[in-house]
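Asks: Here it is, the structure in full.
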Amino acid sequence: MEFKKHALILGVIEGLNRHGSWTGKTHVQKAMALLNAKADIALPFQFVLYKHGPYSFDIEEELEQMKGYAAVVSESVPGYGVMLRAGEMAGFVKRQAPLSDQEKEAIERVSAFVGGGNVIELERIATAAWIRTREKIQDADRVVARLHELKPHVSMQEAAAAARRVALLLGSGK
């Protein structure tokens, strides 16, 4: 069991909860992808560009393991899906792998950025971050065009809004 991974995931879940997020699996995935793109801290997860943007099979696997020993609980809300929160064993995880101040600050910044965003917005923003960091496209117009190319259901206007938001997070107004 890799408690550091679990502590990072738990930190994101708790951060999202504090900032008014629904905190479903997609919210956690996209927040972790944004945290990875921001690169303030090293994350031990691999991401791929998947159907709805960046996704980590590692995180999915770790979440299931965490649910298995009650570090995280999953609450089903009829008509809305699943909401994640810290479980009764969360304190144990935190004692086994305490997060550094730098990790806590990075998680807090991304959690505040994600806030109450819905999964549709998060797909766009996380994909724009992927384009900027993984595909090394920095020009805003090119990010918008690439996002629309990868996700034709995202309008150019929506892509531009996502590109602007992710530029704020990543620290470049380009």
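Asks: Assigning unit charges at the beta carbon (Lys, Arg +1; Asp, Glu -1) and nothing else, what dipole magnitude in debye, to the nearest 20, does the chain show about its Cα centre?
Replies: 360
Asks: How much length would be gained if the chain were fully extended between Glu2 and Gln157, taking 0.36 nm per residue of separation minus their Cα-Cα distance, in nm to one decimal?
Replies: Extra length available between Glu2 and Gln157 comes to 51.7 nm.
Asks: Within the stretch 32-89, list the trypsin sites (Lys or Arg not before Pro) lying in a DSSP loop whose Cβ has at most 13 other Cβ atoms in a 10 Å radius.
Replies: Loop-located and lightly packed - Lys51.
Asks: Between Gln46 and Gln102, what FRET efficiency comes out of the Förster formula 1/(1 + (r/R0)^6) with R0 = 25 Å and r the beta carbon distance, rounded to 0.05?
Replies: Approximately 0.70, to the nearest 0.05.
Asks: Separate question: Only helical DSSP H runs with n ≥ 4 go in: add -39500 (n - 2.57) per run for the chain, normalise by residue count and round the 222 nm mean residue ellipticity to 500 deg cm²/dmol.
Replies: -19000 deg cm²/dmol
Asks: Residue farthest toward the positive end of the dipole of the stretch 21-174, with Cβ of Lys/Arg at +1 and Asp/Glu at -1: which of Val28, Leu169, Ile120?
Replies: The Cα lying farthest towards the positive end belongs to Leu169.
Asks: Here is a follow-up. Quick one: Cα centre-to-centre distance for the stretch 52-130 and the stretch 16-43, in angstrom?
Replies: Taking the Cα centre of each part, the stretch 52-130 and the stretch 16-43 sit 6 Å apart.
Asks: For the chain, just say rounded, prolate or oblate: build the C-alpha gyration tensor, square-root its eigenvalues into a ≥ b ≥ c, call rounded for a/c under 1.5, and beyond that prolate if a/b exceeds b/c, oblate if not.
Replies: It comes out prolate by the Cα gyration axes.
Asks: Extension gain Ala39-Lys25, at 0.36 nm per residue separation less the Cα-Cα distance, in nm?
Replies: Taking 0.36 nm per residue and subtracting the Cα distance, the gain is 2.9 nm.
Asks: Quick one: order Asp141, Asp40, Asp101 by neighbouring beta-carbon count within 10 Å, fewest to most.
Replies: Lowest to highest Cβ neighbour count: Asp101, Asp141, Asp40.
Asks: Let me ask you something else. Work out from phi, with θ = phi - 60° and the Karplus expression 6.51 cos²θ - 1.76 cosθ + 1.60, the ³J(HN,Hα) of each residue of the stretch 68-81, listed in order in whole Hz, and give x for Gly and Pro.
Replies: Ordered by residue, 3J(HN,Hα) equals x, 10, 6, 6, 10, 10, 10, 9, 7, 10, x, x, 10, x Hz.
Asks: Loop only by DSSP, 13 or fewer other Cβ within 10 Å of the Cβ. Give me the GluC sites (Glu not before Pro) in the stretch 1-83 that pass, ordered by residue number.
Replies: Glu2
Asks: Along the Cα→Cβ direction, 7 angstrom out, place labels at Glu88 and Arg142. What is the inter-label distance in nm?
Replies: Reported label-point gap for Glu88 and Arg142 is 5.4 nm.
Asks: Arrange the following residues from fewest to most other Cβ atoms within 10 Å of their Cβ: Val82, Val143.
Replies: Ascending Cβ contact count within 10 Å gives the list Val82, Val143.
Asks: Rounded, prolate or oblate, given the Cα gyration tensor of the stretch 71-174, with a/c below 1.5 counting as rounded?
Replies: It comes out oblate by the Cα gyration axes.
Every read-out reported here was derived from the displayed coordinates using simple, explicitly stated rules and does not represent laboratory data. Quick caveat, the model's predicted, so the values are computed rather than measured. Every residue, glycine as well, gets a Cβ built from its backbone with ideal geometry; the counts of neighbours run over all protein chains shown.
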